[in-house]
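Here the structure is laid out as structure tokens; the discussion comes afterwards.
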Amino acid sequence: MNERAPATLHGKPIATETAGVTVTKTGIFLGAEISGVDLRQPLSGPQFKAIDDALTEHALIVFRNQNISSDNLMDFGRRFGELTVHPFAPNEGAAPALIKFRNDETTPPFGTDVWHSDETFRAEPPMATALCAKDDIPAVGGDTMFVSMAAAFDGLSDRMQQFVSGLEAVHDFKPFKALFGTSEEERRKLQSFELKYPPQIHPVVRVHPVSGRKALFVNPQFTIAIKDMDERESKVLLDTLFHQMLIPEYQYRHHWTPHAIAMWDNRQTVHYAVHDYYPQRRYMERVTIKGGPVTGVPRADADSVRKIKFAVPDGVDRYGGHKVH
């Protein structure tokens, strides 16, 4: 009996529906759009579980046409856990956990045009971030790019996977040190923040606490060195790992529309806010959800690792029809 080919082979949307929540896959290694919910209203238990599961599975989820208030955004974030207060990001005193990015001709964007996972300089980095676009967004530009760091790890050679498994890296809030002046008072203020947020040691390869997937956990914004490694060796290795973020297959580019919300899993992604829209306006609001300890992996053995950009089974022409004529 002939079986029907899966819908994925015919360009049809890959969508699932649970408790009225529709999840439509939009990227290969990460990315899905969520519909069927109004985030101005409280989520039911089954609705929240469908969204939470989608976040773990797809690493990045997008909601369109959600004209929500700041309180709605914070309430949504709190369903996933405690909200954190960023020590340097712009916010308002009444709601310090709500970050407000108001970029225009007088306040150009700062510090987010570097691949990073949010706040890895913390002992327990955030588990997720939700970012909401308001009415003012650029007519052209201002996209945000994402990378699956699970796919980036899978794409390393077996030898490199074995080598980096079990290593640890040093993370520091170095980009924000530019916010401090050179006066004695400013130097004392910087020292107080360095005491409050000392460099943190995190595994180079972390295990996702829900899915169990392995992912690279380094980024060029906050990762400054490989622990117990010569500086030159550390730089070469980090440059190699950072290069995985530049491979198009592992990337997803999100184009913002008014009242869209993007939520990403910091435990398995990095992102980059493209600074190509100045002096256009871009107004966003953000909440960040507290994470837990970062769990690493032991040294890998050769049988437990694999190299994959896409899986090709035996018997399939892996050269795409190319041959010697």
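The values are calculated or read from the model by the stated rules, or taken from the named source; none is laboratory data. Remember, predicted model here, so these are calculated numbers, not experimental data. Positions of Cβ are generated from backbone atoms using ideal geometry, with glycine treated the same way; all protein chains shown enter the neighbour counts. Calculation scope for accessible area: heavy atoms of the full protein, side chains included, ligands and nucleic acids excluded. Shrake-Rupley method; radii C 1.70, N 1.55, O 1.52, S 1.80 Å.
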- Item | the stretch 51-84, residues that are among the acidic types (Asp, Glu) and either more than 24 Å from Ala95 (Cα to Cα) or touching a Phe, Trp or Tyr at 6+ places or on another chain (Cβ under 9 Å) (or both) | Asp52, Asp53, Glu57
- Item | Residues (over 28 Å from Leu241 (Cα atoms) and of a type in the set (Phe, Trp, Tyr)) located in the stretch 86-138 | Phe101
- Tally the residues that are open to solvent by less than 40 Å² (accessible area, probe 1.4 Å) and of a type in the set (Ser, Thr, Tyr), restricting the search to the stretch 181-202. 1
- Candidate set: the stretch 256-276, residues that are surrounded by fewer than 24 Cβ atoms within 10 Å (Cβ to Cβ) and among the aromatic types (Phe, Trp, Tyr); chosen: the one farthest from Thr56 (Cα to Cα): Trp256
- Query: Can Phe80 be described as at pLDDT below 95, assigned to a loop (DSSP other than H, G, I, E, B) and either closer than 30 Å to Phe176 by Cα or among the hydroxyl-bearing types (Ser, Thr, Tyr) (or both)?
  - Reply: no
- Which of the residues that make up the stretch 203-235 are open to solvent by 40 Å² or more (accessible area, probe 1.4 Å) and over 17 Å from Phe153 (Cα atoms)? Val210, Ile224, Lys227, Asp228, Met229, Asp230, Glu231, Arg232, Glu233, Lys235
- Query: Which residues, taken from the stretch 46-77, are hydroxyl-bearing (Ser, Thr, Tyr) and either buried (at least 16 other Cβ atoms within 10 Å of the Cβ) or in contact with a Pro (Cβ under 7 Å, 6 or more places away or on another chain) (or both)?
  - Reply: Thr56, Ser70
- Residue count, the stretch 168-186, condition part of a loop (DSSP other than H, G, I, E, B) and touching a Phe, Trp or Tyr at 6+ places or on another chain (Cβ under 7 Å), comes to 2
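Scan Val164, Val140, Val147 and give me the residue that is closer than 20 Å to Leu55 by Cα and of a type outside the set (S, T, N, Q).
On the way: Val164 fails: closer than 20 Å to Leu55 by Cα; Val140 fails: closer than 20 Å to Leu55 by Cα.
That would be Val147, the only listed residue that is closer than 20 Å to Leu55 by Cα and of a type outside the set (S, T, N, Q).
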- Query: Quick check: anything in the stretch 78-90 touching a Leu at 6+ places or on another chain (Cβ under 9 Å) and open to solvent by 70 Å² or more (accessible area, probe 1.4 Å)?
  - Reply: yes
- Message: Cβ-Cβ under 7 Å, sequence separation 6+ or interchain: first residue in the stretch 190-202 and of a type in the set (A, V, I, L, M, F, W, C), partner in a helix (DSSP H, G or I). Which pairs?
- Response: Leu190/Lys177
- Only one of Lys100, Lys189 is more than 18 Å from the chain's Cα centre (by Cα) and part of a strand (DSSP E or B), namely Lys100
- Going by the structure shown, is Ala89 within 21 Å of Lys196 (Cβ to Cβ), among the aliphatic types (A, V, I, L, M) and not in a strand (DSSP E or B)? yes
- Which condition does Ala178 not pass, out of (1) at pLDDT 95 or above; (2) surrounded by fewer than 14 Cβ atoms within 10 Å (Cβ to Cβ); (3) of a type in the set (Gly, Ala, Ser), if it passes all the others? (1)
